[in-house]
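The values are calculated or read from the model by the stated rules, or taken from the named source; none is laboratory data. Computed from a prediction, not measured in an experiment: that's the story for all the values here. Counting neighbours? That spans all protein chains shown, and the Cβs are built from the backbone with ideal geometry, glycine included. Quick note on the areas: whole protein, heavy atoms, side chains included, nothing else; ligands and nucleic acids left out. Shrake-Rupley method; radii C 1.70, N 1.55, O 1.52, S 1.80 Å.
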Amino acid sequence: NNVKNKQECVLEAFNKNKYISLSFSGGKDSIVMGDIVIKAMHKYNIAFDRLIVIFFDEEGIYPDFEQVVIEWRSRFLSLGAKFYWFCLPIKHYNCCNRLENDESFICWEPGKEDKWIRPMPKFAIRNHKMFELGMTYQDFSKHLFGDIPQMVGLRTYESVQRRNSIASKFKSKFVYPIYVWRDNDVWLYLRDNNLHFPVTYLYLYKVGVPVNKLRISQFFSVDTIKTLPKILEFYPDLYEKIIRRE
């Protein structure tokens, strides 16, 4: 049983560590991961105060993604897990700036509040003693987690970039329970378990994005930049804010 094996992977991670962190994005893969983790912890009677859920808010996200993360935040907190919603000025690669010296985008950048794509949630963590302006997600994570393993819903079939990411970290303190799952496995799990997912996936599919390209990350990444113009068809206000922002 494929799902049973994934739940056992979660159990094994907790058997080896006092705490586990779960990286959550609000996307289809992280929703599946969140559900598998919760069901495994119930099944094996693992205390939820041993789970730390991390969401890095990248400022430029779809409104329905934000709503899904809010719902999962409430779910995790009600179970007794910790949920850290970070709104930090993290440095991302920006493929729009290839002709400039600085190919980067800093979300929630101080001094640009009037151009932020959306307001910062009031409950968000806005600073951290280990964070310095312009740090990348990877750099900050090394300081933040220390020896606590990160459970991530990355899959090798998602993209070359993510496949390389898994290959480089496979021997580290990362746990990838669904790394061999294909797109169909994820969508079937969502359907069979009646899990709510962001409607943006349906919008993108309706405007011609192939099923195997339905992935969401920050708007200026290599993986998602091609779908950016599609936003104009179903989120015109958001598109204008993105263009004004960058």
Order the peptides 127-134, 83-90 from the highest to the lowest mean number of other Cβ atoms within 10 Å of their residues.
-> 83-90, 127-134
Solvent-accessible ranking of Met135, Met151, largest area first, probe 1.4 Å | Met135, Met151
May I ask which of Lys206/Lys226; Lys28/Lys112; Lys6/Lys28 have a Cα-Cα span longer than 25 Å here?
-> Lys28/Lys112
Pulled fully out, how much extra length does the chain show between Tyr205 and Asn5, if you take 0.36 nm times their separation in residues and subtract their Cα-Cα distance?
-> 68.9 nm
